[in-house]
Amino acid sequence: MDLAFYLIAVPAVILTGLSKGGLGGGLAMLGTPLIALAVPPVQAAAIMLPVLILMDWIGLWNYRGTYDRGILVTMLPGAMVGIFIGWLTAAVVSDDWIRILVGLISVAAAISQWMRDLLRRGAKERNAIAAGFWGMLTGFTSFISHAGGPPFQAYTVPLKLDKLVFAGTGVVAFAVINAVKVVPYFALGQFSGENLLIALHLMPVACLGVLLGIWLVKRVSQRMFYQITYLAMIVIGGKLLWDGRGALAALIG
């Protein structure tokens with residue numbers, strides 16, 4: 001990989017690390033779409049997976065013992081189904097269609113999160129069926145583009161959990177999801193020596209990003225940060241949709 005790749009990958013990993021540290025959940029969704037601007041989306045996701053697992057371990061240590069067991073029990077089975085669907089999709093769909101999927105996820109997630117911020121409502125009651133559905137979408141989008149945050153938050157944010165419990169539950173959930181994704185990514189042949197070497201180079205940056213996020217979470221207002229993140233997601237998602245236009249042109253033609 002050349003210098004141009006790392007000029008994209010390093011900021012992407014730092015942004016993801018800030019999110020894993022608790023600063024702005026939407027930031028994690030920027031990592032893979034950013035790297036997918038330089039390499040095929042599935043390769044970008046494979047490079048990010050070992051980095052994400054390292055971030056998960058740091059997050060687990062920071063939020064140890066702080067999570068909601070009921071949410072994990074109801075969402076994780078659906079997430080496993082979503083991972084399997086994502087595996088089948090990644091194995092049979094072209095890079096252009098993956099770009100379109102990742103772009104749609106980025107744009108839709110940004111708009112969804114933006115609207116959710118505007119519509120402030122009271123806490124909703126828990127629902128096992130809804131948890132399973134959003135868990136499935138979490139697993140699917142997490143497998144395709146490591147963008148499982150939006151569907152996870154679509155169910156958990158309305159529950160109005162304590163901030164630390166919400167963060168800790170997300171850390172545990174995605175630590176499990178990312179660990180499970182290792183098997184299908186091996187099956188897709190994405191853990192090549194080159195991809196693993198790139199991930200190894202990015203790991204010190206990942207540690208820095210997570211630790212910086214943990215430090216900043218208590219010191220920085222997240223409101224404006226979220227607005228910038230959503231705008232960036234729309235721009236990046238739009239770019240990926242444009243890059244994948246060849247698949248749509250072939251379908252129409």
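The values are calculated or read from the model by the stated rules, or taken from the named source; none is laboratory data. Since we're looking at a predicted model, the values are computed, not measured. Please note: Cβ atoms are built from the backbone with ideal geometry, for glycine as well, and neighbour counts cover all protein chains shown.
In the set Gly22, Gly31, only one residue is buried (at least 22 other Cβ atoms within 10 Å of the Cβ), at positive phi, in contact (Cβ under 8 Å) with a residue 24 or more places away in the chain and small (Gly, Ala, Ser); that residue is Gly22. Of the residues that sit in segment 34-48 and are crowded, with 21+ Cβ neighbours inside 10 Å and in contact with a Lys or Arg (Cβ under 8 Å, 6 or more places away or on another chain), which one is modelled with the lowest pLDDT? Applying the filter and picking the extreme gives Pro41.
Tell me which residues, restricted to segment 113-152, are under 15 Å from the mean Cα position of the chain (by Cα), in a helix (DSSP H, G or I) and closer than 14 Å to Met233 by Cβ.
Within segment 113-152, Gln113, Thr141, Ser145, Gly149, Pro150 qualify.
Inside segment 61-76, residues that are modelled with pLDDT of 90 or more, part of a helix (DSSP H, G or I) and either closer than 9 Å to Val171 by Cβ or in contact with a helix residue (DSSP H, G or I) (Cβ under 8 Å, 6 or more places away or on another chain) (or both) make up a count of 5.
Only one of the numbered conditions (1) within 25 Å of Trp61 (Cα to Cα); (2) touching a helix residue (DSSP H, G or I) at 6+ places or on another chain (Cβ under 7 Å); (3) free of Cβ contacts under 8 Å to residues at least 40 places away in the same chain is violated by Phe143, and that is (3). Is at least one residue of segment 76-84 farther than 29 Å from Trp242 by Cβ, surrounded by 19 or more Cβ atoms within 10 Å (Cβ to Cβ) and of a type in the set (A, V, I, L, M, F, W, C)? There is at least one residue in segment 76-84 that is farther than 29 Å from Trp242 by Cβ, surrounded by 19 or more Cβ atoms within 10 Å (Cβ to Cβ) and of a type in the set (A, V, I, L, M, F, W, C). Would you check if there is a residue in segment 85-100 being hydroxyl-bearing (Ser, Thr, Tyr), in contact with a Gly (Cβ under 8 Å, 6 or more places away or on another chain), in a loop (DSSP other than H, G, I, E, B) and surrounded by fewer than 23 Cβ atoms within 10 Å (Cβ to Cβ)? Checked segment 85-100: no residue is hydroxyl-bearing (Ser, Thr, Tyr), in contact with a Gly (Cβ under 8 Å, 6 or more places away or on another chain), in a loop (DSSP other than H, G, I, E, B) and surrounded by fewer than 23 Cβ atoms within 10 Å (Cβ to Cβ). When restricted to residues that are surrounded by fewer than 18 Cβ atoms within 10 Å (Cβ to Cβ) and part of a helix (DSSP H, G or I), segment 160-174 contains 3.
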